[in-house]
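Here is the structure we will look at.
The values are calculated or read from the model by the stated rules, or taken from the named source; none is laboratory data. Quick caveat: nothing in here was measured; it's all calculated off a predicted structure. Here the Cβ positions follow ideal geometry from the backbone for every residue, glycine too, while neighbour counts run over all protein chains shown. Surface areas here come from the heavy atoms of the whole protein model, side chains and all, with no ligands, DNA or RNA. Shrake-Rupley method; radii C 1.70, N 1.55, O 1.52, S 1.80 Å.
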Amino acid sequence: MFMRIAASTYLNSAPLVYSFTQGFLRKRYDFIGDEAPSRCAEMLRAGDCEIALIPVIELQRIPGLRIVPEIAVASKKRVRSVLIASRRPLEEVRRLRLDPASRTSQTLVKILFLRRYGFLPECAERAFGPLVEVRNLFDDADAALVIGDPAMRLEASARGLDLKIYDLAEEWRAMTGLPFVFAVWAAREDVCDKAPGLPSLVDDLIAAKREGVDHIEQIATQYTSELELPRSELLDYLSQNVNYDLDDENLLGMGAYIDLAHECGLIAQKLPMLFL
């Protein structure tokens with residue numbers, strides 16, 4: 001029986017999953033793809049997979065997880081795919097629509113409002129379809145959190161419109177001086193205790209990252225028609241906006257995020273971050 005591995009199929013995750021769908025690991029693992037990172041976390045929680053690429057906040061909500069070292073979906077400065085689109089400056093926002101696809105981004109938005117502006121707008125979840133249009137983005141809200149591929153389409157379509165676009169990695173950097181980590185590979189502890197081949201699993205995932213990063217030109221080409229964006233923009237995104245390392249600076253950013261989430265009362269307690 002192959003180990004089941006779940007991850008988002010958004011472009012930002014594509015280099016990390018390339019090996020499992022097209023590369024050297026495609027026949028060694030059972031890959032489960034889903035657009036929403038939050039659903040990958042739910043699969044891991046429910047035991048429907050053994051390892052998943054999950055939003056970082058889920059490490060604090062799902063007990064008994066181990067983090068795979070050296071790999072992340074992060075951004076050093078500007079990410080372009082996690083955005084607030086607003087009809088007014090953030091300090092004037094009173095109602096905020098939240099994309100349920102990533103609870104890490106939801107929590108980041110709440111930290112941003114509480115720490116930078118001193119208040120939290122009224123928040124309501126509503127899922128976005130793959131084609132986010134400005135005309136149905138807000139309903140009765142002043143602003144909306146959009147993540148993943150829909151955010152990239154929105155950024156492109158919003159140019160020239162009377163919208164303010166806030167990049168959450170840039171906002172986090174301005175507030176803390178640190179990069180932001182959106183997602184990591186995590187495995188269930190009970191699986192770790194039973195699986196004899198964990199060193200090879202970690203090696204496979206690190207090798208998969210390298211193979212995927214080496215194929216970002218091919219990945220950009222594959223996503224061009226799906227996202228209806230120029231290949232050059234997608235290549236810039238994969239090479240400049242998203243960072244795939246869990247290095248010391250990114251670990252500091254991840255730790256600061258968990259600390260602030262706890263200080264703001266957005267998580268009940270801080271669980272220790274344990275690594276494979």
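A full extension of the chain between Met175 and Leu271 corresponds to an added length of 32.2 nm, given 0.36 nm per residue minus the alpha carbon distance.
For Arg210 and Arg87, FRET efficiency with R0 = 45 Å and r from the beta-carbon atoms, rounded to 0.05?
On the way: r = 43 Å, r/R0 = 0.95.
After rounding, the FRET efficiency stands at 0.60.
Electrostatic tally near Gln240: other residues with Cβ closer than 11 Å to its Cβ, Lys and Arg +1, Asp and Glu -1, net +2.
Where the eigenvalues come from the Cα gyration tensor of the chain, what are the semi-axes √(5λ) of the equivalent ellipsoid, largest first, in whole Å? Walk me through the intermediate numbers first.
Numbers: eigenvalues 173, 100, 51 Å².
So the equivalent ellipsoid measures 29, 22, 16 Å along its semi-axes.
Spin-label pair Phe119-Arg231: with each label point 7 Å from Cα along the Cα-Cβ axis, the two points sit 4.9 nm from one another.
Counting only heavy atoms of the protein chains and using a 1.4 Å probe, Asp140 has close to 110 Å² of accessible surface. For Lys76, a cut-off of 27 angstrom between C-alpha atoms picks up these lysines, skipping any fewer than 8 places away in its own chain: Lys110, Lys164, Lys209, Lys270. Taken about its Cα centre, segment 141-257 carries a charge dipole of about 140 debye when Lys and Arg each add +1 at the Cβ and Asp and Glu each add -1 at the Cβ.
With 0.36 nm allotted per residue and the present C-alpha distance subtracted, the Gln240-Glu189 stretch has 15.0 nm of extension available. Spin-label model, Glu263 to Asp30: label points 7 Å out along the Cα-to-beta-carbon direction sit 4.4 nm apart. To put it simply, the accessible area of segment 47-157 at a 1.4 Å probe is 44 percent carbon and sulfur. Ser225: net charge of surrounding residues, Cβ under 14 Å, Lys/Arg +1, Asp/Glu -1, itself excluded? Spelling it out: positives minus negatives among the neighbours equals -2. Residue ranges 103-112, 257-266 sort as 103-112, 257-266 when ordered by packing (mean number of other C-beta atoms within 10 Å per residue, highest first). Site pair Asp248 and Thr221 shows an inter-label distance of 3.9 nm when each label is modelled 7 Å from Cα along Cα→Cβ. Taken per residue, the accessible surface of the chain reaches 43 Å², heavy atoms only and a 1.4 Å probe.
Think of the chain as having a plus end and a minus end, set by charges on the Cβ of Lys, Arg, Asp and Glu; of Ile84, Ala14, Leu227, Ile84 sits farthest toward the positive end of this dipole.
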